[in-house]
Amino acid sequence: MSVINQMLRELDARGNAAADVPVTPIRPSGASRRPAWRALGWAGLAAAGAGAIYWMLAGIPAAEAPQEVVSARAQQDILPAAPAVPAKQPVLQPADAAIGPSAAPPPQERVPTVDSAQEPAMPSFPVPSAPAVATPQADLVPRQSAPAVVKNMAELSPEAEAQHHYDDAQVLRRAGKADAAIGKYRQALERNPAMAAARLQLARLLQEQGQAEAALALLKSGFELRPDDGLAIATGRLLVDLGQREAALDWLRRGQAGLRAADHALMGALLAQAHRHEEASRAYQRALAAGPGQGGWLLGLGLSLEAQGRADEARAAFRSALDHGQFKPEVTQFLRERSDYAGP
């Protein structure tokens, strides 16, 4: 504004000076007009210059533009234009190129650098290690290996446990360890009282040890718990050893379905001693049907037939007994006499 005021003052001074100059009389036609046109030219030039200066000053805002914007404009004017990029690669135009200088991107903040010598040392933290897995207390204590037998028994049914004890008892019995076998048989019966095989083997061991009455009670209680042909036959045989003939026959008949050839022969002998020869002959015939060629059974059959008066059948039985059996000399002599044997 000081420049404009100075120019205005100069124009005013020139105007005052022109007013003090005496008016020049009008010259006749043909006189020179150059001084007037010269004054007018100077005045127009001064007015045009003042207007230009006023226009330039009016376009500048009253407040000074930020230094950052001026710097951005200066950099835009100084930096060369970006080279052309091929059409295949799209180019992102800067925002200030489309909007104008006023939309220049804000200056990037500078991260203050810290001198490595002045940089404080970072505190060292302990590196966390992998979390320790809690070990169960049971794994810390050494496990005591239990016998495989006990482990398996915990998972077995009572019947399976009884069978396991029975198998152990059989091994012990064959090894001659009768007392240990008796204990195992008893354990088997505790788990399965209806196990007939364990009762039979235990009764046999008890009888061998002279405990016939205990063996007899064991067999009878087992039959009452569950009727079984094997228990009935074993009871009958044990009663034979005890001299109880009729009771033995009664128990053998209870096990009729399970009688073997030897059992039938035993019944034949018991019936013959009881003078029940017809029943005895039938019992011997059943025994010989199951096991032919037995000399002793043929001898018993011949005696039963001879007691019934069936001499021919008895002589045939005696001859067959001599052919198949091995007897003492006195028995052999008896058979020869009764069969009319004519041989050597």
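Can you tell me the relative contact order of the stretch 196-273? Whole percent, Cα pairs under 8 Å, sequence separation 6 or more.
Reported as a whole number, the value is 23 percent.
Got a sec? How would Leu242, Leu305 order by Cβ neighbour count within 10 Å, fewest to most?
Final ranking by Cβ density, sparse to dense: Leu242, Leu305.
With +1 assigned to the C-beta of every Lys and Arg and -1 to the C-beta of every Asp and Glu, and no other charges, what is the dipole magnitude of the stretch 148-256 about the Cα centre in debye, to the nearest 20?
Roughly 160 debye, rounded to the nearest 20.
Once you have the Kirkwood Rh of the stretch 148-256 from its Cα pairs, apply Stokes-Einstein at 25 °C and 0.890 mPa s and quote D in µm²/s.
My calculation gives 172 µm²/s for D.
Would you work out the charge dipole size for the stretch 240-344 about its Cα centre, treating the Cβ of every Lys and Arg as +1 and the Cβ of every Asp and Glu as -1, and quote it to the nearest 20 debye? Before the final figure, lay out each step's value.
Values: 13 positive and 13 negative charges, 37 e Å.
Roughly 180 debye, rounded to the nearest 20.
What is the Cα centroid distance between the stretch 190-236 and the stretch 261-288, reported in whole angstrom?
That distance is 25 Å.
Read-outs: derived from the displayed coordinates by stated rules, not from any lab. All of these numbers come straight from a predicted model, not from anything done at the bench. All Cβ positions, glycine included, derive from the backbone under ideal geometry; neighbour counts span all protein chains shown.
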